[in-house]
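Read the structure below first, then the notes.
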Amino acid sequence: MSTFLLILLTGVGLGALYFLVASGLSLIYGLMGVLNFAHGAFLTIGAFTGLWISTKVFPNPTTWTFIAAMIAGGIAAGLFALLMEQLVINRLYNRHIDQALVTVGVGLVVTALLAGWFGSDARLFPTPLWFMKAVTIGEAIIPIDRFVYIGVATILLIAMLSILRFTRIGLIIRAGVENRSMVSALGINVRLAFSTVFFIGGFAAGVGGVLISVFSYGVSPQMGGSWLIYGFIVVVVGGMGSITGSAIAAMLIGVTNQFANYYLTGLGDFVVVIILAAVLLTKPSGLLGKVNH
Amino acid sequence: MSSLEVKDLHVTINGSHILQGVNFFVPENKVTALLGRNGVGKSTTLKAIMGLNPGTGSIKFGGTEIVAMPTHKIVQMGMGYVPEDREIFASLTVKENLSLAARDAEPNYDLVYSLFPELLTRTSQRAGTLSGGQQQMVAIARALLNQNKILVVDEPTKGLAPKLVTEVANALAHVADHSTMLIVEQNLALVKAIAQNIIVMDQGKVVFEGGPENLQDETFVKSMLGVSGGHK
Ligand SMILES: Nc1ncnc2c1ncn2[C@@H]1O[C@H](COP(=O)(O)OP(=O)(O)OP(=O)(O)O)[C@@H](O)[C@H]1O
Ligand SMILES: [Mg+2]
């Protein structure tokens, strides 16, 4: 029972990290039809910015410096995403293949630049001491960092859903995911929505980058790559354009991955691919897919 | 200034040359009906005017060239559009659909709800769950919320039950009284009731411009539109 709970909460924590990567990918694709291969780079930029805050700006890690690192990582990645959207994506309006290729390029360049600058070795991310502790639930001993991932992802999920539901730009984004050209035909400049979605997606990925650095014991220029793949899988399973779909799929995949790794010794990734195939075969638009481009 | 002047408009989609030099004029404060058989390019023409299909040639709206302008700017100049297949946002509520469309500082909700009282009782219903007729009301309401200089309307009564056709027709007749409108409509009774001009297209070109009295002429209707005049 205690093992079960440990694996469950580890899976949910992992799912929380997947969600931070996938939510932006899903919104960007849902609204603009852009497969953003640079999303892994957003994550890495967030991680390096967070590392800089946690080592150079505030060398003694506390809860507050860690929160500052997450926010700074989110903002840096969000601004980078915004810049990429303005300078590159915008100029290739509606040329989806070119846009995807360019994001691949941006991802490679960011990785190479960071590797040239910092080297490829992983650096440990300093955290407040209480991150190393564990809480006891019944007989289970659960490392406390799991709860941090879950808590931060929940806050961002609520924030994103609130923006989508209660603001005008959120209304425009929801409508744009359904039918972009009709939004313009109502006299609305959809590009403002594009920029918003890139910033929000970049922000979530940047915060995710900081947390992932803690989870995987290190910051490295290459860290974005494998998480990007998982991000895409979550988006496909959850449905393009749906934040709630991403959240559900991220949990599903995080939890099954952990259980399969434990009970089927190391077959976690394999089981994730099975889920992906099953969803693609039975419900190609994903669990809560909204897009019909 | 709300007239619309289309000159030598060409549209090519996926390699097929769909509009082949369309010319016509929509005068101010009058209703002009764009007619023609299925597939002759009526909707393509309206989309080109809205900037939704990339066209070449000239489209002047109140004297301003709009042919290469982005759609949202054209609309902001005062053009309201009711698309052929309604294109309401299915996952948004009726209220959200309307507030998305509202551009004016004081959108005219009174007009919309007095023309379509049914919508008032369904403000928080998702538009995707509305009946076809109710969806059409939302589509028309979106265009009527703002003070537009011209309304561009594509087959507003398509697929509606006769009772709803009357309701939509009455709403359009009400607005038609005091605005410029370019409307594509198969229902000739409605065209006769509201239009002051008719334009007929065939195979990507305009083949006739004149008054609606021509629609009384059975042979004209048969040869131009391929339907009989009494047809509703
Ligand atoms: N996106 C597209 N791709 C390919 N062909 C298209 C496209 N849009 C329109 N067409 C073609 O252009 C022609 C004109 O279409 P359009 O929709 O303008 O006709 P229409 O006059 O509005 O017809 P209807 O009365 O049936 O609505 C048709 O032959 C149609 O098949
Ligand atoms: Mg048509």
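Computed from the coordinates by the stated procedures, all read-outs in this text should not be read as laboratory data. Model, not experiment: these values are computed from the prediction. Backbone-built Cβ (ideal geometry, glycine too); neighbour counts: all protein chains shown.
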For the protein assembly as shown, the Rg and Dmax computed from alpha carbons only, in angstrom: 28.0, 91
Pairwise label distance in nanometres, B:ALA173 with A:ASP98, each label 7 Å out on the Cα-Cβ vector: 5.1 nm
Cα-centre dipole for chain A with unit charges at Cβ (Lys and Arg positive, Asp and Glu negative), debye to 20: 580 debye
Long pairs among B:LYS60/B:LYS222; A:LYS283/B:LYS42; B:LYS149/B:LYS222; B:LYS42/B:LYS73, criterion Cα-Cα beyond 28 Å: B:LYS60/B:LYS222; A:LYS283/B:LYS42; B:LYS149/B:LYS222
Electrostatic dipole magnitude of segment B:1-150 [Cβ: Lys, Arg +1; Asp, Glu -1; Cα centre; debye, to 20]: 180 debye
Where labels lie 7 Å past Cα in the beta-carbon direction, separation of B:LYS205 and B:ALA105 in nm: 4.9 nm
Share antiparallel - DSSP beta bridges, segment B:102-232, percent rounded to 5: 50 percent
Cα centre as origin, Lys/Arg/Asp/Glu Cβ charges: the protein assembly as shown dipole, Debye: 580 debye
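Taking 0.36 nm per intervening residue step and subtracting the Cα-Cα distance, what contour gain separates B:ARG126 from B:GLN196 on full extension?
My answer for the length gained is 21.5 nm.
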Top positive-direction residue, dipole computed over chain B with Cβ charges, set B:THR180, B:MET69, B:THR123: B:THR123
Sequence-separation-based contact order of segment B:4-225, relative, with Cα cut under 8 Å and 6+ spacing, percent: 29 percent
Mean projected area (nm²) of the alpha-carbon convex hull when segment A:235-293 is viewed from all directions: 3.7 nm²
Computed lengthening from B:PHE25 to B:ILE13, 0.36 nm per intervening residue step minus Cα-Cα distance: 1.9 nm
Principal axis dimensions, segment B:131-172 - Cα atoms, whole angstrom, descending: 30, 16, 15
Exposed trypsin sites (Lys or Arg not before Pro) absent - longest run of chain A, DSSP non-H/G/I/E/B, at most 16 other C-beta within 10 Å: A:134-293
Rounded tilt (10° steps) of B:132-144 against the dominant C-alpha axis of chain B: 80 degrees
Kirkwood Rh in Å, taken over segment A:2-282 so that all alpha-carbon pairs contribute: 19.0 Å
Cα-only Debye scattering, segment B:1-149: base-10 log of I(q)/I(0) at q = 0.12, 0.18 Å⁻¹: -0.57, -1.11
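Please give the FRET efficiency for A:LEU267 paired with A:LYS133, using the beta carbon to beta carbon distance and R0 = 30 Å, rounded to the nearest 0.05.
Once rounded, the FRET efficiency stands at 0.45.
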Crossing angle, helix A:268-282 versus chain A [Cα axis fit, 0-90 degrees, rounded to tens]: 30 degrees
In degrees, nearest ten, helix A:243-263 long axis to first principal axis of chain A (Cα): 30 degrees
